[in-house]
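J.: Dumping the structure here so I can ask a few things about it.
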C-alpha cells in the first residue's frame with residue numbers, strides 16, 4: 001500500500017491533551033496540542049457541545065478521524 | 001510551534017448550493033491542506049485578518065482560521 | 001403474453017453492444033428477449049428507441065415522500081425504477097412515537113423537508129421497520145431498496161443519550177438485534193454519517209458512535225451479506241482517503257460491500273480525487289469492496305442580495321456593501337448613481353458570469369416573465385446589460401430576486417466523465433428527494449446520457465446503461481434486476497438516445513402543506529415499466545399501476 005497520512009480513531013474520552021500525550025510524546029504538551037489542532041481544523045468546523053453535555057469543551061467526537069502528522073508533501 | 005500559513009484562497013461551490021471559500025494552508029514540512037469555509041466562517045476570518053477581499057487573507061496564520069471556525073459556529 | 005415490446009434497440013445492461021429485438025413480459029417477469037412471435041395483450045412499438053433495464057438510483061432521501069407519493073415523482077419519468085432511501089444515517093424506521101419530532105427535525109435540517117409536509121402528509125402508523133415497510137408498500141409504484149439509518153437505531157436504543165455518548169456493550173448488542181430485525185424485514189443495509197448535523201446543529205447520533213460500535217453493526221451486516229453506506233467528510237481529501245481505508249478494513253473483516261458518497265471533482269485539486277480513486281483501487285485489489293459514488297450533475301450556486309454571498313468575496317466594493325450592509329443600505333447603494341457606477345465598473349470584467357446567471361424566483365408579478373431566463377436574455381429584452389439587470393431586478397424585488405449560477409463545481413466534463421466511467425466508481429449520489437428548497441435532485445440519469453454519452457463521449461451508451469443498472473444491482477446485491485434477461489423482473493425503460501436529458505429546473509408547489517420544491521422534467525424517456533406494468537408514458541403521464549416492491553438484499 002502507498003503511504004498515506006497517519007491518522008487515529010480517538011477513544012470516547014480522548015481530548016487534545018490525551019492525544020498529544022499519547023501520539024506526540026516527543027513534543028511538549030502545548031506544542032503537541034497546537035500541532036494536532038492545526039492538522040485537524042475540520043474538528044473546529046462544528047458547533048461546540050452545549051455546556052450541559054458530557055462533551056462540553058471537547059470538540060472531538062468518537063467517530064472522528066484525527067491526523068497525527070501534517071499533510072504529506 | 002506550528003507556523004502553518006494561508007497560501008491561497010479559492011471560490012468554490014459547496015454541495016448545498018452556496019458559494020464557499022477554500023483556504024489552502026501550507027505547513028512547515030511543505031504539505032498543504034484545503035479548508036472549506038462557509039460565509040460565516042469566511043466573514044469571521046476576513047474580520048480577524050482585517051481583509052477587504054479574499055486575497056488579503058494570504059500570509060495569515062492557521063490560528064486565525066481555527067478562531068474563525070470557532071467564532072462562526074459559536075453563533076448557535 | 002401480458003406485454004411485448006417490439007423492434008427496440010436492446011441495451012441489456014450487461015455492457016454488450018445493442019441489438020435489434022423484442023422483449024416478452026408475462027406475470028411481471030421477462031420471459032423472452034430476441035424474436036417474439038407471440039402477441040401481447042399490450043404491445044409497444046419501440047422502433048428507433050433504446051430499450052434498457054430500469055435505472056437504479058442508489059442514493060436518495062425519498063423516505064418521507066414515499067408516505068404520500070409511492071411513485072417518488074419525478075424519479076420514474078427520468079427512467080428510474082428502483083430507489084435506495086434511508087441514506088446518511090437517516091431512515092423513518094424503526095422509530096418510537098416519542099422520537100418522531102426529533103426525526104422530523106433532522107429531516108428538516110438535513111434534507112430540507114418542511115415540518116408542515118410531515119404534519120399534513122404523514123399518518124404516523126408505524127414504529128418498527130416492518131410496520132414502516134407495510135405502510136409504504138400499500139401504494140408503491142417504484143421499487144424501494146431501503147437502508148436503515150444508524151442514527152435511528154441509536155435513537156431507538158439509547159433515546160436522548162444517543163446524542164451525547166458512545167454506547168455501552170449492552171446497548172450495542174441491542175442495536176445489533178434491532179439491525180438484524182430490520183434486515184429481516186427488508187432493509188438492504190445500514191447507513192451512517194460522519195458529517196451531518198441535527199436541527200439543533202449538533203452532530204447526528206451516529207457521530208457519537210465509536211469505531212467499535214460501527215464494527216459491531218457491520219458484523220451483523222456480514223451475517224446477512226448486506227451493504228454499509230457512509231457519508232464521509234467529502235470536503236477533505238485526506239479524510240476521504242482515511243475513510244476509504246476504514247471502510248476497506250471493515251469490508252475485508254466482515255466480507256461486506258461498502259459505499260461512500262459523495263465524491264466530487266474539485267477543479268482546483270484534481271490530484272485529490274485522483275488520490276482517492278487510487279486508494280480505492282489499491283484497497284479493492286487487496287480484497288476490499290469500497291465503492292465511491294460520483295454524481296453526474298454539476299453543482300450550481302444560488303444567491304440573493306439579501307444574504308451576503310461569497311460569490312462576491314473577491315470584489316472589494318461589492319463584498320463590503322453586502323457584508324456590512326442592511327437590506328436598506330444595500331438598496332441605497334444600488335440606487336445611488338455614483339456607487340452603482342463604481343460597482344458596475346468593478347464587476348464588468350466578469351460580464352460572462354453575470355450573463356449566464358439565471359433568474360430563479362421573483363415575488364412581483366411583473367417580473368415573472370423573466371423567470372428561467374438568463375440575464376443576457378433579460379438584458380436584451382430590457383435594452384441594457386446583464387450586470388445592470390441584476391441590480392435592477394434586485395431593486396425591483398426588494399432584494400428578493402433569486403439568481404442561479406450554473407455549473408460552478410464538479411463541472412470539469414473530462415474529469416467527471418473519466419470518473420463516471422471508472423470501473424471502481426458507482427454512479428450515484430443524486431440525493432433524490434433531498435435539498436428540495438435549494439435545487440433539483442432529479443434528472444441525473446438524463447444528464448448522464450446527454451452530457452457524458454452524447455456530447456462529451458466519455459463512455460458508450462452501453463457502458464452508461466450498465467453503470468446505472470446491472471452494476472448498481474450487483475454492488476447492492478439487488479436480486480434479479482438490472483438486466484434484460486429471461487427470468488428477471490420486468491423493470492424496463494424505453495428512451496430516445498438522441499433526446500434523453502434532464503429538463504430545466506423549476507419551482508413547483510406539490511409538497512403536502514402547500515410546500516414547494518425544485519424539480520426537473522425529463523426529456524426523451526418514452527415509457528417506464530415496473531414489475532411488468534407500464535408505470536409512466538411520456539404522452540399519458542403516470543398510470544394507476546402499483547407494482548413497486550421492497551427490494552431487499554440477496555442473502
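J.: Can you give the translational diffusion coefficient of the range C:237-363 in µm²/s, computed by Stokes-Einstein from the Kirkwood radius over Cα pairs at 25 °C and 0.890 mPa s?
T.: 133
J.: How many angstrom lie between the C-alpha centres of the range C:362-411 and the range C:502-555?
T.: If we compute the Cα centre of each part, the gap is 31 Å.
J.: Estimate the FRET efficiency between residue C:348 and residue A:1 by the formula 1/(1 + (r/R0)^6), using the beta-carbon distance for r and 60 Å for R0, to the nearest 0.05.
T.: Using R0 = 60 Å, I get an efficiency of 0.70.
J.: Where the eigenvalues come from the Cα gyration tensor of the range C:35-97, what are the semi-axes √(5λ) of the equivalent ellipsoid, largest first, in whole Å?
T.: 34, 13, 10
J.: List the extent of the Cα atoms of the range C:348-453 along each of their three principal axes, largest first, rounded to whole Å.
T.: Projected onto the principal axes, the Cα atoms of the range C:348-453 cover 50, 32, 19 Å.
J.: Here is a further query. Give me a single rounded figure for C:304-313: the average over its residues of other chain Cβ atoms within 10 Å of their Cβ.
T.: 5
J.: Right, here's the next one. In what order do C:111, C:120 fall by count of nearby beta-carbon atoms within 10 Å, going from fewest to most?
T.: With the fewest neighbours first, C:111, C:120 line up as C:120, C:111.
J.: Could you tell me the largest-minus-smallest coordinate of the C-alpha atoms of the range C:446-555 on each of the three principal axes, in descending order and whole angstroms?
T.: Ordered largest first, the range C:446-555 gives principal extents of 42, 36, 25 Å.
J.: Further question on the same structure: Could you work out the relative contact order of the range B:5-73, using alpha carbon pairs under 8 angstrom and six or more residues apart, expressed as a whole percent?
T.: 32
J.: Rank the residues C:115, C:495 as a footprinting-exposure proxy: fewest other Cβ atoms within 10 Å of their Cβ go first.
T.: Listing C:115, C:495 from fewest to most nearby Cβ atoms yields C:115, C:495.
J.: Moving on. Specify the angular offset, from 0 to 90 degrees and rounded to the nearest 10, of the alpha carbon long axis of helix A:29-39 from the longest principal axis of the alpha carbons in chain A.
T.: It works out to around 80 degrees.
J.: Would you mind checking the radius of gyration and Dmax of the range B:5-73 based on alpha-carbon positions, in Å?
T.: Reported Rg and Dmax, both Å: 11.2, 34.
J.: Related question: Please find the FRET efficiency linking residue C:223 to residue A:9, where r is the Cβ-Cβ separation and R0 is fixed at 25 Å, and quote it to the nearest 0.05.
T.: After rounding to 0.05, the efficiency reads 0.60.
J.: For the range C:505-555, just say rounded, prolate or oblate: build the C-alpha gyration tensor, square-root its eigenvalues into a ≥ b ≥ c, call rounded for a/c under 1.5, and beyond that prolate if a/b exceeds b/c, oblate if not.
T.: It is oblate, given that a/c is not under 1.5 and a/b is not larger than b/c.
J.: For an R0 of 41 angstrom, estimate the FRET efficiency from the Cβ-Cβ distance between residue A:53 and residue C:474 and round to the nearest 0.05.
T.: 0.40
J.: Using Cβ counts within 10 Å as a stand-in for footprinting exposure, how do C:88, C:218, B:49 rank, fewest first?
T.: Listed from fewest to most nearby Cβ atoms, that is B:49, C:218, C:88.
J.: Per q in 0.05, 0.06, 0.07 1/Å, what log10 I(q)/I(0) does a Debye calculation on the alpha-carbon atoms of the protein assembly as shown return?
T.: These q points yield log10 I(q)/I(0) values of -0.24, -0.35, -0.48.
J.: Report the label-to-label distance for residue B:58 and residue C:37 in nanometres (one decimal), using points 7 Å from each Cα along the Cα→Cβ vector.
T.: Each label point is offset 7 Å from its Cα along the Cβ direction, giving 7.7 nm.
J.: List residues of the range C:257-285, by number, whose backbone nitrogen lies under 15 Å from a label position 7 Å along Cα→C-beta of residue A:73.
T.: Hits in the range C:257-285 for residue A:73 at 15 Å: none.
J.: Size of chain C along its principal axes in angstrom, Cα-based, largest extent first?
T.: Taking max minus min along each principal axis of the Cα atoms, chain C gives 73, 62, 48 Å.
J.: In whole Å, how far is the Cα centre of the range C:208-268 from that of the range C:327-345?
T.: Between the Cα centre of the range C:208-268 and that of the range C:327-345, the gap is 50 Å.
J.: Let me ask another. Decide, for the range A:7-67, between rounded, prolate and oblate: order the square roots of the alpha carbon gyration tensor eigenvalues as a ≥ b ≥ c, take rounded if a/c falls under 1.5, and otherwise choose prolate if a/b is larger than b/c, else oblate.
T.: Since a/c reaches 1.5 and a/b is larger than b/c, the shape of the range A:7-67 is classed as prolate.
J.: Have a look at the DSSP beta bridges in chain C and tell me what percent are antiparallel, nearest 5.
T.: About 60 percent, rounded to the nearest 5.
J.: How many percent of Cα pairs in the range C:345-403 exceed 14 Å?
T.: 47
J.: If each of residue C:328 and residue C:485 carries a label point 7 Å out from its Cα toward its Cβ, how far apart are those two points in nm?
T.: About 7.0 nm separates the two model spin labels.
J.: In terms of the Cα gyration tensor, with a ≥ b ≥ c the square roots of its eigenvalues, is the range C:301-407 rounded because a/c is under 1.5, prolate because a/b exceeds b/c, or oblate?
T.: rounded
J.: Just to be sure I understand the model, the point goes 7 Å from the Cα along the line to the Cβ. What's the resulting residue C:2 to residue C:268 distance in nm?
T.: Modelled inter-label distance: 5.4 nm.
J.: Taking every eigenvalue of the Cα gyration tensor of the range C:123-264, multiplying by 5 and rooting it, what semi-axes result, largest first, whole Å?
T.: Its equivalent ellipsoid spans semi-axes of 23, 18, 17 Å.
J.: Run the numbers on the range A:7-67 and let me know its relative contact order in percent, using alpha-carbon pairs under 8 Å that are six or more apart.
T.: 50
Every read-out reported here was derived from the displayed coordinates using simple, explicitly stated rules and does not represent laboratory data. Because the structure is a prediction, the values reported are computed rather than measured. All Cβ positions, glycine included, derive from the backbone under ideal geometry; neighbour counts span all protein chains shown.
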